[in-house]
Amino acid sequence: MLSPRDNLISLISDLYKDLHGFRPRGLYNWEGMDIDDLGEEADYLEHLLREHIVATEQERIEEDRRWREEIALGVIPPTPQVQLEPWEVWEARAESAGYGA
């Protein structure tokens, strides 16, 4: 069983890897950090990771919207997975003509 300190170090390593794609080997001075420092770093990395997850989801939504709009405009061919609503086609045409948002 790991100590609370070792659990925090493991958590920081996991959060860092989730955020950056690699473990923070050699980046932290674990011996120089007390339990409060480790807790603050874990909280900070968790905050950054949550922001990253939200931003990634927003990018995915926007990319999907652009992709559907390009299909509606005929810029790219439709795929069997995409079933556009009639309003999506009309909205895309109106926006490309300079109307609307």
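The values are calculated or read from the model by the stated rules, or taken from the named source; none is laboratory data. Since we're looking at a predicted model, the values are computed, not measured. Neighbour counts are summed over all protein chains in view; Cβ atoms, including those assigned to glycine, are modelled from backbone coordinates with ideal geometry.
Observations
- Subset of the range 10-37 (residues that are farther than 22 Å from I53 by Cα and surrounded by 14 or more Cβ atoms within 10 Å (Cβ to Cβ)): Y28, W30, M33, D37
- Helices (runs of 4 or more DSSP H) enclosed by the chain - at least 2 residues per element that are at pLDDT below 95 and either more than 23 Å from the chain's Cα centre (by Cα) or among the small types (G, A, S) (or both): 35-73, 86-96
- Annotation note: of I71, I53, the sole residue that is surrounded by 12 or more Cβ atoms within 10 Å (Cβ to Cβ) and within 30 Å of Y16 (Cα to Cα) is I53.
- Residue in the range 3-22 that is over 25 Å from Y99 (Cα atoms) and among the aromatic types (F, W, Y) present: yes
- If the condition is being among the acidic types (D, E) and under 30 Å from I9 (Cβ atoms), then the range 35-92 contributes D36, D37, E40, E41, D43, E46, E51, E57.
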